[in-house]
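Take a look at the structure set out below.
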Amino acid sequence: METTFKVYRFDPENGSKPDFATYQVDLPDSATVMDGLRQIRDEQDPSLAFRASCERGSCGDCALRINKKGRLGCSLKIAKTVKNGVVTVEPIRNIPVLKDLVYDLEGFLWKKIKSVQPWITPREPEPEGEYVVAEEQLAEVRKAMSCVMCGLCDEGCAVIKIDKDFVGPAALTKAYRAVFDPRDGQHDERLTLVSEPGGVWDCTHCFEANGHCPLGLEPTDRLFEVRDEAIRQGIRSGTRNPKVQRHYDSFLNSVKRSGWLDEGRLAIESEGLTNVAGLAKLLPTVIRAIPKGKAPLPYFHHKRPGAEAIRRIIDKAQRSEV
Amino acid sequence: MPKYDVLIVGGGVAGLQAALAAKYAGVQVALLSKTHPLRSHSATSSDGLNAAFGGDDSWQQHAQDTIRAGAGLCDHAAVEEMCRAASDDIIRLDHIGVPFNRNAEGKLDRWTLGGHTSSRTVFSADMTGHAVLNTLHEQCMREDIPSHEEWLATSLVVEDGCCRGVLALEIGTGNLEAFSASAVVLATGGAGRVYTPSTASQSCCGDGMSLAYRAGLGLRDMEMVQYHPLGFCERAAFASEGALGEGAVLCNSDGQPILQTDDLPLRDALCRSLASAENGATLDFRSIGKERIGARFLYLERAANDMAGVSLDSAPLPVMPRMHRVLGGIQTDTNGATAVSGLFAAGECASPGVHGANALTGNALTASVVFGRRAGSAAAAHASNSSPQAIADSALPDTRRTLEAIFSRPTAGDTVVTIQRALANTMAEHVGLVRDEAGLQEAARCVADLQARYTQVGLRHHGKMYNHELLTFYELGALLDVAGAIVTAAQERQESRGVHHRSDFPTANEAEEPYHSLVTCGPDGPSLATSPVNAGQSG
Ligand SMILES: Cc1cc2nc3c(=O)[nH]c(=O)nc-3n(C[C@H](O)[C@H](O)[C@H](O)COP(=O)(O)OP(=O)(O)OC[C@H]3O[C@@H](n4cnc5c(N)ncnc54)[C@H](O)[C@@H]3O)c2cc1C
Ligand code: SF4
Ligand code: FES
């Protein structure tokens, strides 16, 4: 199959600007995008740089943006992605590029993985033999651990794009592995850690990570499960972001009180009634919102019909949680 | 110059085990690896780990099975050491978080694999290597072990018979650096890329074997090259042999079963019968059912879909034998110690003598876990009794000059890639599952010829950053050393034993005591010696 490869090229050594180069490759129908890149490097241009190790979707080394979608180059057949005879290959987004298709994962991924302290500390008392654990408890841990650390969920993440400090879905999937491992003795410490700023509460529920994981590991859902577990354990915020707990309390109290969310009050209560600096930061938003009719004045929050029924539902739910 | 008590070269399962053991022993340890540790070939290991966990099994029984498979070439003391220690090491892995599959009682579930007389292979779906690697990497993060990633060790520094450290090239920048250490552990993995097709990752180039060989050490039992029966037809991927234990059926092209699953043969017998099957073979999972496939074959289900276009619950997967690994390696004792003081080796690059002429499925990862730990501890003990010596100032400039000389070679038609392909094809054609004198002679001639071309070959790309051609140049040097050792040992062994099958000598030579082959680097190329097999009990 004849295919045109449009490949992102950038070589800081020769001082040139990033650009795309075009190559023709001819490979069997079973060939992968990685086979194409290798043919280019081996037979046409030995200066092309890209990473690849296992060549079978086990190691995550070859994450690339192929025809505008994050993929593992070694596991994607050209025939499955080619559009009008062309395959475009770029580094993943939102990450410093070192050379051509090689990028720097240190700050983007590895540091963040380490920051959630995803190692198991054996729960006391340590048994003499293996821990006796139900298979169902380990099955999901095992699945989360099959993550190949490709970083593609992070490259798709809507928050990381604008906030590099968000630890992101890959690190939080790694946290999931530790949080739900029944053999771990640092359960609550880790939950507090991932509830700090930059952790689980910075997710905006865009669900992009789920769509980007080539293994179908549903990193967004795992992040939610970590958060739900933190709430179950009474850990509603880290030690450094009490705002999360205030937001949570205000949200709940509002819906309990009026049957729906009092957004004005939520904003104020989340910042904290005594937090003058935080409250002052809200002002420009309010001022901008007024002419657009998004902040009706005078502000008045009505109780909605059926509020009592909603309160009873919440009460019941809270009782059943206890 | 970075200075450590212990430097571990290689970040796979053996290297990470060694690093942790050295750290626990209280010395300053660092990792140096040419890929990020999580990109190591260990991540693809799918079959599991072996140990006897009581009941009707015992470590002695595991040892007996291992020795039987090894066809007379196992070092008994090493086998006993591994089989005795394996259960504790596996329990430790369980405690630090490897998600091993559980049985109905919540205890370690086990597969029965070919050549084992008992169910003793614990597994984490078909991603055991991946799970162990990730778990060990977590613990290395916890211990804050410094890790030099994307650094290629290019030579060992050996002075007065003692290893002083390594010289290494930073792949991202092209910088050369000397790493001084009181003890070095080579854990650089296998050499699968010396063949094509193989199941090897890109990094499996026998680097550590070659480093040791060039430092004067012997490579043992290199002619023992194992094939994996369940390779994909077009990809390096393979199905776990656990599939056969789970009830997947191996069939010929007419869909007729070619194997009784209650009596699984050793890999080599299976490979030879598959290789002779006309029109190929398939592995049929359909009787296992979608749910169980999903639970037990996390990796294969996805890989079969992505890379073979097969949905396991609805169609059989075409399979074929692929070269899997060299069972031999750097000769070590059961502490990973080599004949060079301060130099240790463990994992697939090493030969402590447990595999002999044929390895039981699961014993390779087990050996990496057990002997990786032991090598790390022994290296730490060695380092505690000595202090790192500075590496001679001349070492780096010498290597720099060599590198410049390579860059200044003219670039004619030959490239490192063409030489590497020719080498891998030669090895597959003449030194494969079945060998004979004529083929081996041809292979020896080809390897010598490729060696000669290698000394002349120039590089087309002269950049410093991520210069893959330069990386391949180094890797090819190692592959040629390994190929030379394999061919030399295979020519000398005029018998069939274990995985070494000679059509011109179809049986084992029972008239002589079994012996190990030992290839060293002589002035005129590989030089062969033999050594007796230690078949005695350990103390
Ligand atoms: C940049 C960004 C910021 C985000 N910020 C927030 C945020 O601040 N808070 C948040 O919860 N999610 C936020 N989200 C997440 C996201 O919008 C929601 O999690 C998700 O889409 C909502 O799912 P849903 O099905 O509950 O809501 P939707 O499908 O949107 O349905 C919302 C429901 O709530 C009802 N509703 C609307 N207003 C009120 C009210 N005042 N009180 C009670 N009910 C009401 C609507 O009638 C509707 O039934 C954000 C997402 C992004 C990308
Ligand atoms: S969760 Fe999926 S996308 Fe994210 S790093 Fe892991 S394998 Fe890659
Ligand atoms: S090279 Fe390992 S996943 Fe692609």
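Rule-based calculations on the coordinates, nothing more; no lab input. For clarity, every value in this text was computed on a predicted model and none was experimentally measured. Every residue, glycine as well, gets a Cβ built from its backbone with ideal geometry; the counts of neighbours run over all protein chains shown.
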> By the scheme Lys and Arg +1, Asp and Glu -1, what is the net charge of all other residues having a beta-carbon under 13 Å from that of B:Glu513?
Replying inline: -2
> What's the FRET efficiency of B:Ser387 with B:Asp449 using the Cβ-Cβ distance as r and R₀ = 56 Å, to the nearest 0.05?
Replying inline: 0.75
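Subtracting the Cα-Cα distance from 0.36 nm times the residue separation, let me have the gained length for A:Lys68 to A:Asn94 in nm, one decimal.
Extra length available between A:Lys68 and A:Asn94 comes to 8.0 nm.
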> So how tilted is helix A:135-145 from the main axis of chain A? Cα-based, degrees 0 to 90, rounded to 10.
Replying inline: 60
> Magnitude of the Cβ-charge dipole of the stretch B:395-510, K/R +1 and D/E -1, about the Cα centre, nearest 20 debye?
Replying inline: 520
> What 222 nm value per residue comes from the helices of chain B, counting each DSSP H run with n ≥ 4 as -39,500 (n - 2.57) and dividing by all residues, nearest 500 deg cm²/dmol?
Replying inline: -11000 deg cm²/dmol
> Using alpha carbons only, how many degrees (0 to 90, rounded to 10) separate the axis of helix A:168-179 from the longest principal axis of chain A?
Replying inline: 70
> In the stretch B:203-301, which trypsin sites (Lys or Arg not before Pro) fall in coil by DSSP and have 11 or fewer other Cβ atoms within 10 Å?
Replying inline: none
> How well do other chains shield peptide A:138-149, expressed as the mean number of their Cβ atoms within 10 Å of each residue Cβ?
Replying inline: 6
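Kirkwood hydrodynamic radius (Cα pairs, Å) of the stretch A:2-103?
13.5
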> For B:92-105, what's the mean count of beta carbons from other chains sitting within 10 Å of each residue's beta carbon?
Replying inline: 6
>> I want to check the label-to-label distance for A:Glu263 and A:Thr285. Put each point 7 Å from Cα in the C-beta direction and report it in nm to one decimal.
In response: 1.0
> Going out from 0 in 5 Å bins, what whole percent of all Cα-Cα distances in the stretch A:186-245 drops into each bin?
Replying inline: 4, 20, 27, 22, 14, 9, 3, 0
> Once amide H atoms are built 1.01 Å from N in the peptide plane, which residues 5 or more positions from A:Val87, or in another chain, come under 5 Å H to H?
Replying inline: A:Thr4, A:Phe5, A:Lys6
> Tell me, how many Å apart are the Cα centres for the stretch B:345-371 and for the stretch A:168-221?
Replying inline: 36
> Rounded if a/c is under 1.5, else prolate if a/b is larger than b/c, else oblate: which is the stretch A:242-321, with a ≥ b ≥ c the root eigenvalues of its Cα gyration tensor?
Replying inline: oblate
> If you project the alpha carbons of chain A onto their three principal axes, what span does each projection cover, largest first, in Å?
Replying inline: 71, 67, 36
>> Need one word for the stretch B:493-539: rounded, prolate or oblate. Basis is the Cα gyration tensor (sqrt eigenvalues a ≥ b ≥ c); a/c below 1.5 gives rounded, then a/b vs b/c decides.
In response: oblate
> With a 10 Å Cβ neighbour count serving as the proxy for reagent exposure, in which order, fewest first, do B:Cys140, B:Cys349, A:Cys54 appear?
Replying inline: B:Cys140, A:Cys54, B:Cys349
>> Using the alpha carbons of the protein assembly as shown, what is the convex hull volume per residue in cubic angstrom, as a whole number?
In response: 198
> FRET efficiency for A:Thr204 and A:Leu273, Cβ-Cβ distance as r, R0 = 30 Å, nearest 0.05?
Replying inline: 0.75
>> Can you compute 3J(HN,Hα) from phi for each residue in the stretch B:89-101, using the Karplus curve 6.51 cos²θ - 1.76 cosθ + 1.60 with θ = phi - 60°, rounded to whole Hz and x for Gly and Pro?
In response: 5, 5, 4, 4, 4, 5, 5, 8, x, 5, x, 4, 4
>> Compute the distance from the alpha-carbon center of the stretch A:1-59 to that of the stretch B:19-47, in whole Å.
In response: 29
> Residues with beta-carbon under 14 Å from that of A:Asp249, excluding A:Asp249: net charge, scoring Lys, Arg +1 and Asp, Glu -1?
Replying inline: +3
> Considering only DSSP beta bridges with both partners in chain B, what is the antiparallel share in %, to the nearest 5?
Replying inline: 70
> What FRET efficiency comes out for the pair A:Glu189/A:Arg312, r = Cβ-Cβ distance, R0 = 41 Å, nearest 0.05?
Replying inline: 0.65
> How fast does the stretch B:1-137 diffuse by Stokes-Einstein, in µm²/s, taking the Kirkwood radius from C-alpha pairs at 37 °C and 0.692 mPa s?
Replying inline: 202
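Give the percent of DSSP beta bridges with both residues in the protein assembly as shown that are antiparallel, rounded to the nearest 5. Don't jump to the answer; show the numbers that get you there.
Details: 67 of 93 bridges.
Just about 70 percent of them are antiparallel.
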>> Can you give me the long-range amide H partners of B:Ala350? Hydrogens built in the peptide plane at 1.01 Å from N, cutoff under 5 Å, separation of 5 or more residues or another chain.
In response: B:Ile330
> Quick one: Debye curve from the C-alpha atoms of the stretch B:395-510, no solvent, what's log10 I(q)/I(0) at q = 0.09, 0.18, 0.21, 0.22 Å⁻¹?
Replying inline: -0.32, -0.88, -1.07, -1.14
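How crowded by other chains is A:178-187, given as the mean number of beta carbons from other chains within 10 Å of each beta carbon?
Per-residue shielding by partner chains comes out at 1.
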> In a solvent-free Debye calculation with one equal scatterer on each Cα, what is log10 I(q)/I(0) for chain B at q = 0.07, 0.09, 0.10 Å⁻¹, listed in the order of the q values?
Replying inline: -0.36, -0.61, -0.76
> Once both axes come from the Cα atoms, what is the angle between helix A:307-321 and the longest principal axis of chain A, in degrees from 0 to 90, rounded to 10?
Replying inline: 70
> Evaluated at 37 °C with a viscosity of 0.692 mPa s, what Stokes-Einstein diffusion coefficient in µm²/s does the stretch B:316-417 have when Rh comes from the Kirkwood expression over alpha-carbon pairs?
Replying inline: 189
>> Taking the alpha-carbon distance from A:Lys303 and a cut-off under 20 Å, which aspartates and glutamates remain once sequence neighbours fewer than 8 residues away in the same chain are dropped?
In response: A:Asp249, A:Asp262, A:Glu263, A:Glu269, A:Asp315
> Rg to Rh ratio, the stretch A:105-232, alpha-carbon atoms and Kirkwood radius?
Replying inline: 0.97
